[in-house]
1. Taking θ = phi - 60°, what integer Hz values does the Karplus form 6.51 cos²θ - 1.76 cosθ + 1.60 yield along the stretch 79-93, in sequence order, with x for Gly and Pro?
2. Please identify the GluC sites (Glu not before Pro) of the stretch 170-232 that satisfy two criteria: DSSP loop assignment and at most 12 other Cβ atoms within 10 Å. Which are they?
3. Ratio of the chain's C-alpha Rg to 2.2 N^0.38 Å, to two decimals?
4. Projected area of the stretch 61-102, taken from the Cα convex hull and averaged over every viewing direction, in nm²?
5. With angles folded into 0 to 90 degrees, how steeply does helix 199-208 sit against the dominant principal axis of the chain? Use alpha carbons for both and round to 10.
6. Would you mind checking the tilt of helix 39-48 against the longest principal axis of the Cα atoms of the chain, expressed as 0 to 90 degrees and rounded to 10?
7. Name the most mobile residue of Pro79, Pro218, Pro123, meaning the one with the largest mean-square fluctuation, in a Gaussian network model of the chain with Cα contacts below 10 Å.
8. Could you please state, rounded to a whole Å, how far the C-alpha centre of the stretch 105-165 is from the C-alpha centre of the stretch 208-236?
Amino acid sequence: MSVKRPLAIVTGASSGIGKATATQLVADGFHVAAVDRDAEGLKALIAEASDSITPWQLDLSHLAEIEGFFHGLIKDLGPPAALVNAAGVGLVATVLDADLAAWQRVIDVNLTAPMLISRAVIPSMIEQGGGVIVNVASVAAFRGVRSRAAYCAAKSGLVGLTRSMTADFASKGIRVNAVCPGTVETGYTKSVLDVSEDPAATRAFMTQRQLIGRMGTPDEIAAAIAFLISPQASFFYGSSIIIDGGRSTM
């Protein structure tokens with residue numbers, strides 16, 4: 001198909017930060033290739049902006065499928081101006097009680113998948129003279145969080161990947177940056193509360209650890225991502241932007 005708007009690829013686009021980012025980028029003039037494993041969520045998303053969003057269903061834990069999938073996407077839609085790696089999964093467990101398969105899934109989706117997607121996308125960006133990649137990491141990349149060993153490890157790795165790709169491809173016109181949200185009201189937050197022994201107490205704790213006394217919203221993170229993609233962020237290379245309501249100052 002022919003896409004007249006500049007193309008942005010957003011993973012995890014059916015909910016949370018990914019959905020808010022897809023919606024924001026459409027408003028900013030992009031055509032969005034919305035990638036997610038949730039077919040129903042993608043249907044709901046394109047119902048809001050069907051002319052500017054193309055849905056692509058993929059489970060990013062299926063690592064062997066990723067590069068071929070994104071090569072096909074680029075063949076159909078053309079080279080992207082921007083890539084947002086927003087898909088992510090979590091695991092409530094310490095290293096003592098983490099199931100190895102569950103641990104590996106967190107590493108695969110949060111770290112290995114962004115690497116494979118970037119590897120599929122970067123050559124086309126170089127051919128067109130440049131592009132922007134934004135990785136959605138977490139403040140957990142910099143702060144230990146109890147019972148989140150796999151998540152902290154994966155997000156720390158994603159920050160390192162962001163810096164390394166910048167060192168490798170900045171000279172090719174590729175800007176790679178990361179956003180590092182604090183606690184944001186998303187489906188992942190709900191999944192943590194669902195397994196809590198005392199959801200009300202857990203929600204209060206998650207809320208109060210932000211200095212401003214509330215969780216962030218997906219739209220607030222999407223606004224930062226949109227800025228990093230915009231020409232106004234032309235001097236941002238390899239940065240990890242913490243957006244956490246003041247949590248990391250304590």
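All of the numbers you see were taken from the coordinates with simple rules; none came from a lab. Remember, it's a predicted structure, so these values are computed and weren't measured experimentally. With ideal geometry, Cβ positions are generated from the backbone for all residues, glycine too; neighbour counts draw on all protein chains shown.
1. x, x, 7, 8, 10, 10, 8, 9, 5, x, 9, x, 8, 8, 5
2. Answer in residue order: Glu197.
3. Normalised by 2.2 N^0.38 Å, the Cα Rg of the chain equals 0.96.
4. Average of the hull's projected areas for the stretch 61-102 equals 4.2 nm².
5. Between helix and principal axis, roughly 70 degrees.
6. Result, in degrees: 60.
7. Highest fluctuation of the listed residues: Pro123.
8. So the separation of the two Cα centres works out to 17 Å.
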